[in-house]
Each structure stands twice: as C-alpha cells, then as structure tokens.
Amino acid sequence: MSPAPTTDASATDATATDATGRLSLWLRDRSEPDWSAVVAHRFTGELIAGSVADDVMRRYLIQDHRFVDGFVALLGAAIAAADRFETRIPLTRFAAMVTSDENDYFLRAFDALGVTEATRRDTPDHAATTTFQALMTEARLTADYPCCLAVLVVAEWSYLTWAARADGRLPDRFEHAEWITLHDNPFFRDFVGWLVSELDRVGPTLNDDARARVEDLFRRAVAAERAFFDAAYQDNRD
Ligand SMILES: Cc1ncc(CO)c(N)n1
C-alpha cells in the first residue's frame, strides 16, 4: 500500500490565494472555471446515474484507452525523475494497477459494448486526444519531476473528485460502475492523497520560473480534461 495520505484529496472547501501555501490548492484555484466544469461534467453525472448512451461510452473508452498509453509513459518519466526511492514506489505500484486492473476493465468493456479491435484501430484520434497526448509528451520530455507531477495530479485528482460524488451509489452496468470504482477506492484515494502531497512537498523548492512552468502545464491539463469529456459527445474530429 501507499503511505497514508497527508492530504484529503477530495476536500473542496479549502482555497489558496497565493502560491506560498499548498501549491496544489493554489493551482486548482488558478485552473477555474475549467476545474469545476471537469468534476461536474455531464459525462460524469450520466456515468453516476448509469445513463450514458452506449455510443458516448464507446467513443470515450476508445479515446481514453489511448490516453492511458501516454499516461503510463508519463508515469514512467515521473518514476525516472523522482528524487528518491520512496517516491518511486507508489508511482510504480500505481502504474502496475493501471496496466493490470484498469486495462482489464477496458478490454471487458470493449467486449460488452461490441467494440472490436478493428473498430479501435480504424477510429481516428479525436483532436482532444491529440492535444492531451501532446501535453503529456511535453511534460514527459521535461524529465522534470514537478512538471510531470503537475499533469499526473490533474488527471488523478480530478477523477477522484468526480468519482467521489457517486458517494457509494453505483449504477447497475459494470461498464459504468467499474469506471467509478476504479477512481474511488481505498488504494486510489491513498495514492491521490499522496500524489497531491508530493506537489505540495516540491512546491516550496520551485523558483518563479519553475512554478510558472508547473502552473502552465497544470492549467492546460485541466482544460484538456474538459475538452476530453466534451469530445465524447462529438461525432468527429472537431
Ligand atoms: C482523460 C483522462 N484523464 C484522467 C484519467 C484518469 O486516469 C483518465 N482515465 N482519462
């Protein structure tokens, strides 16, 4: 297991008006209104209600499976860039979960929704996927732990926040229910709490330029999350 969280990652009441306190809260504030739009997105509400249309779910999962590929590569960069072994361990355990339980969910959901390998192969990347992949590549190539963290934190903290809104009520179909429980369970909560606390740990070590780079990546990642959910409701590339 990851170390006990030092942070309640799903807390929404605290705010930070300057970057000298908890960097995570400051960044989240600075990413509004996109942050709130992500965690209250129509897609997440429909998922919790179990009412996502199958074609929306198919579109989302096909694109998201590709997102996960870039995400695991970014995790690898964070593992490499991290300053100590204790930091690499939770990241590595998380990468193991994504590439086992989570990938297994994708394959079962594709089967249940009738998405063949040919359909997956022949479906082009949506513009939102291309944008997100480029952002993850950019973060990965910095080989800088705080920059990698910025994008990882957005992805996981925003998902925990919307998934926690289900508050134990799960829809009937596994394609919906498991996508919620994969992002709200004790392991995931601990991991996200720890990940957010890592951003807060490195925050005070950043000079103004480094913090500006982290802020830029964080805010663009939140915008990319929003566009990614929006894309599930769009037929084509635009
Ligand atoms: C686009 C996106 N952001 C975050 C997550 C959570 O890992 C995901 N699966 N997909």
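Where a number appears in this text, it was derived from the coordinates with a stated rule and is not lab data. All values derive from a computational prediction rather than experimental measurement. Reconstructed Cβ throughout: ideal geometry from the backbone, glycine too, with neighbour counts over all protein chains shown.
Side notes on the structure shown:
- Hz values of 3J(HN,Hα) by residue in segment 36-42 - Karplus curve (6.51, -1.76, 1.60), Gly and Pro given as x: 5, 5, 5, 6, 10, 5, 3
- Values of log10 I(q)/I(0), in the order q = 0.11, 0.16, 0.21 Å⁻¹, for segment 116-238 under a Debye, Cα-only, solvent-free model: -0.47, -0.93, -1.24
- For segment 174-215 versus segment 78-116, the inter-centroid distance based on Cα atoms is 15 Å.
- Helix-only arithmetic for the chain: the sum of -39500 (n - 2.57) across DSSP H runs with n ≥ 4, divided by the residue total, places the mean residue ellipticity at 222 nm at -22000 deg cm²/dmol.
- Ordered from longest to shortest, the equivalent ellipsoid semi-axes for segment 39-159 are 27, 15, 15 Å, each the square root of 5 times a Cα gyration tensor eigenvalue.
- Evaluated with a Cβ-only charge set (Lys, Arg +1; Asp, Glu -1), segment 73-112 carries a dipole of roughly 160 debye about its Cα centre, given to the nearest 20.
- Vicinal HN-Hα couplings computed from phi for segment 123-132 (Karplus, 6.51 cos²θ - 1.76 cosθ + 1.60; Hz; Gly/Pro x): 7, x, 4, 6, 4, 5, 5, 4, 4, 5
- Largest-first principal axis extents of the Cα set of the chain (Å): 49, 35, 34
- Between segment 140-165 and segment 48-65, the alpha-carbon center distance in angstrom: 22 Å
- Subtracting the Cα-Cα distance of Ala143 and Arg169 from their residue separation scaled by 0.36 nm leaves 5.4 nm.
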